[in-house]
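Encoded as structure tokens, the structure appears first; notes follow it.
The values are calculated or read from the model by the stated rules, or taken from the named source; none is laboratory data. Note that the coordinates shown come from a computational prediction; the quantities given were computed from them, not determined experimentally. Cβ atoms come from the backbone with ideal geometry, glycine included; neighbour counts cover every protein chain shown.
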């Protein structure tokens, strides 16, 4: 499990195109700590996982689950949304889009 979390952190960091140094600064940890965590040398504490998850903008639980079910849930949600939108007018879709953008922007400012 240690290596799963380590590899997941490394993979997610690379996905947002940050070096270990940049990521360490973002999450207020040392570059050495990030390196040890990613190599599986050190097991991150809950506090450290929280910092890392905040930096990656994901829930902590995502470190412990498989990547595939997360994608399946996301794809199902998108599919359900598309089915719903298919029955709506263009004006309804524009309105839904505007509302969604405003809600997500407000949540991002948090």
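Per-structure values
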| quantity | calculated |
| --- | --- |
| Condition met for residue 61 (within 15 Å of the chain's Cα centre (by Cα) and either under 29 Å from residue 6 (Cα atoms) or surrounded by 11 or more Cβ atoms within 10 Å (Cβ to Cβ) (or both)) | yes |
| In the stretch 23-47, residue modelled with the highest pLDDT [restricted to those that are part of a helix (DSSP H, G or I) and exposed (fewer than 14 other Cβ atoms within 10 Å of the Cβ)] | 32 |
| Test result for residue 5, touching a residue at least 40 places away in the same chain (Cβ under 8 Å) and either surrounded by 11 or more Cβ atoms within 10 Å (Cβ to Cβ) or under 18 Å from the mean Cα position of the chain (by Cα) (or both) | yes |
| Selection within the stretch 1-22 - closer than 17 Å to residue 48 by Cβ and outside any helix (DSSP H, G or I) | 1, 18 |
| Subset of the stretch 89-103 (residues that are part of a helix (DSSP H, G or I) and surrounded by fewer than 10 Cβ atoms within 10 Å (Cβ to Cβ)) | 90, 91 |
| Residues that are at pLDDT 85 or above and either over 14 Å from residue 13 (Cβ atoms) or not assigned by TED's automatic domain parsing to the domain that holds residue 17 (or both), drawn from the stretch 48-73 | 50, 59, 60 |
| Residue within the stretch 81-88 that is in contact (Cβ under 8 Å) with a residue 12 or more places away in the chain and in a helix (DSSP H, G or I) present | no |
